[in-house]
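Have a look at the structure below before the remarks.
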């Protein structure tokens, strides 16, 4: 996070994001590490019937501690699409360990759940480098290089980038985007409409 931004009410977030966070009860310095550690312990202890486990990442624990359990809702209209609400509670993805592991394998990184976004409860996840993704019935979406950028994407209605598989050598465009299971090398690609 760099110095002050234009059109901001704090040095960290654009006005629309800052307004939504403060309306949800967030304030600078909010930190509930006790709750974050409970979530980490629950995720580490959960094993699916098929033996899948969650990866717990430091980047996720920091997001949980700062934004956990806040009902974050947009306070204005969207830029490209309708802005969406979100809730940071990784236990909404407790039974999605395989889905998240498949995405991580396709991206070549570890993936950890963050919570949900939207009324359809798309899963929010973060990777080892802090990049944030949304997984829903329409596909897998890249929301931003870090959680602050993802907040901006969701709360301002900025169109996210769909994750796509690169086209096979010698062709143009992208391969089928049916989802991460069995895919390799997913990349952010041209944005398709997200409902």
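The values are calculated or read from the model by the stated rules, or taken from the named source; none is laboratory data. Only a predicted model underlies this, so the values are computations on that prediction, with no experimental measurement involved. As a convention, Cβ positions derive from the backbone with ideal geometry for all residues, glycine included, and neighbour counts pool all protein chains shown.
If you go through the range 26-69 and keep only what is over 16 Å from residue 147 (Cβ atoms) and touching a strand residue (DSSP E or B) at 6+ places or on another chain (Cβ under 8 Å), you end up with 35, 43, 44, 46, 47, 53, 54, 55. Within the range 140-178, being over 30 Å from residue 22 (Cα atoms), surrounded by 19 or more Cβ atoms within 10 Å (Cβ to Cβ) and either under 15 Å from the mean Cα position of the chain (by Cα) or at pLDDT below 65 (or both) holds for one residue alone: 163. Residues of the range 39-53 that are loosely packed, with under 14 Cβ neighbours inside 10 Å, touching a residue at least 12 places away in the same chain (Cβ under 8 Å) and assigned to a helix (DSSP H, G or I): 44 alone. Before we move on, is residue 56 touching a helix residue (DSSP H, G or I) at 6+ places or on another chain (Cβ under 9 Å), in a loop (DSSP other than H, G, I, E, B) and buried (at least 16 other Cβ atoms within 10 Å of the Cβ)? Yes: the conditions hold for residue 56. Tell me which residues, restricted to the range 79-128, are free of Cβ contacts under 8 Å to residues at least 24 places away in the same chain and either closer than 23 Å to residue 37 by Cα or assigned to a strand (DSSP E or B) (or both). Listed by number, the residues that qualify are 109, 122. Taking the range 108-121 as the range and being more than 9 Å from the chain's Cα centre (by Cα) and crowded, with 22+ Cβ neighbours inside 10 Å as the test, the residues that pass are 111, 112. Being on the phi > 0 side of the Ramachandran plot, surrounded by fewer than 18 Cβ atoms within 10 Å (Cβ to Cβ) and out of contact with any helix residue (DSSP H, G or I) (no Cβ under 7 Å at 6 or more places or on another chain), is that true of even one residue in the range 71-87? The answer is no, given that none of the residues of the range 71-87 is on the phi > 0 side of the Ramachandran plot, surrounded by fewer than 18 Cβ atoms within 10 Å (Cβ to Cβ) and out of contact with any helix residue (DSSP H, G or I) (no Cβ under 7 Å at 6 or more places or on another chain).
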